[in-house]
1. Nearest 10 degrees, 0 to 90: what angle lies between the long axis of helix 73-87 and the longest principal axis of the chain (Cα atoms)?
2. Taking R0 as 41 Å, what's the FRET efficiency between D10 and T261 from their Cβ-Cβ distance, rounded to 0.05?
3. Going by a ≥ b ≥ c, the root eigenvalues of the Cα gyration tensor, does the stretch 182-252 fall in the rounded group (a/c under 1.5), the prolate group (a/b larger than b/c) or the oblate group?
4. Starting from the Cα coordinates of the chain, work out the convex hull volume and express it per residue in Å³.
5. At 1.4 Å probe size, with no ligands or nucleic acids counted, give the accessible surface of S201 in Å², nearest ten.
6. Taking square-rooted eigenvalues a ≥ b ≥ c of the alpha carbon gyration tensor, is the stretch 21-76 rounded, prolate or oblate, where a/c under 1.5 means rounded and, failing that, a/b exceeding b/c means prolate?
7. Could you give the angle, 0 to 90 degrees to the nearest 10, between helix 118-131's Cα long axis and the longest principal axis of the Cα atoms of the chain?
8. Once neighbouring chains are kept in place and the probe is 1.4 Å, which whole percent of the accessible area of the stretch 171-229 is contributed by carbon and sulfur?
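The values are calculated or read from the model by the stated rules, or taken from the named source; none is laboratory data. Remember, it's a predicted structure, so these values are computed and weren't measured experimentally. All Cβ positions, glycine included, derive from the backbone under ideal geometry; neighbour counts span all protein chains shown. Only protein heavy atoms, including side chains, enter the accessible area calculation; ligands, DNA and RNA are left aside. Shrake-Rupley method; radii C 1.70, N 1.55, O 1.52, S 1.80 Å.
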Amino acid sequence: RIKKVLRNVDKVENHLRQLVEEHEQIYDENNLRDYVDVFLKKMKSERNNPNTTFDEDQLLKIVGELFVAGTETTSTAIRWFCLFMIRHPEVQEKMRNEINDVIGTSRFPSLEDKQNLPYCEAVIHETLRIGTIAPLSVPHGLASDLKFNGFTIPKDALLIPNLYSVFFDEKIFPDPYDFKPERFLDEKGNLKNTDKVLAFSLGRRVCLGEALARMELFLFVTSLIQRFTLEAGDIKNIPSEKGTMGITYAPKDFVLKAVPT
Ligand code: HEM
């Protein structure tokens, strides 16, 4: 699996490199079409500055972060959400009832509503847990020797965190393979244990976009459920909870029908 992820990372980097090269070939200073063109302009103007950080490596990293870290992750979470809603219509019904009770239908949900929609929040946490979008987080290099559980892991070793093992640990999440948003609610309906879903990893290098992703997910999925009932496009073909490993762990393609409520 790890080798496959690393191969996929290479493929994405090659694709991005090609994209930047194409931009360089047809670059026209009087017609800046997008972010890459603007960055190229800055690169050219900094050509004689030995300390510049506006170089091709930096550009590739930024474009990668926008596409992979910033877009692919959140859109994959939304695809998992739609898949779970198809498979668990009772859950989307409960979400819709909560949204109708708290907000109604005359306006879209806003971030201020977040604290009043604990069931919706529980569904998002359960989606991030079972969806396991970044099961192996991001590899890290060790800056110095590390002693852990009686082992010494040498400096420069590559550490690959296994978030999957946390999400499906039955000591933390009983019946870990069942989609049960209720596991995050106490008897009064308040949220609990949400800090155990380490979808964004933790520590100094925790996901930089966590707050943004949580906002996007909340606004997107609550607005979707407020306005639409999500169903399988083909009733004989209910999408599988078994995903496929690419840069992220994502659902296999499926057809979604969104029926206005
Ligand atoms: C559901 C959505 C997302 C998930 C599940 C997710 C997950 C992760 C994970 C597991 C890491 C690795 C943390 C580590 O190295 O320990 C990470 C890193 C990162 N994420 Fe996200 N992410 C999401 C959305 C976003 C968004 C929306 C952005 C930016 C707009 C973003 C930007 C980044 C960046 C820049 C890093 C590298 C941070 C660093 O190395 O210091 N992510 N993310």
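1. For 73-87 against the chain, the angle is about 20 degrees.
2. On the way: r = 44 Å, r/R0 = 1.08.
About 0.40, to the nearest 0.05.
3. Values: a/c = 1.74, a/b = 1.27, b/c = 1.37.
Taking the square roots of the gyration eigenvalues as a ≥ b ≥ c, the stretch 182-252 is oblate.
4. Details: hull volume 49.4 nm³, N = 261.
Output value, Cα hull per residue: 189 Å³.
5. Here the residue's solvent-accessible area equals roughly 30 Å².
6. Numbers: a/c = 2.94, a/b = 1.54, b/c = 1.92.
Because a/c hits 1.5 or more and a/b fails to exceed b/c, the stretch 21-76 counts as oblate.
7. The angle comes out at about 50 degrees.
8. Working: 2120 of 3680 Å².
Its accessible area is 58 percent carbon and sulfur atoms.
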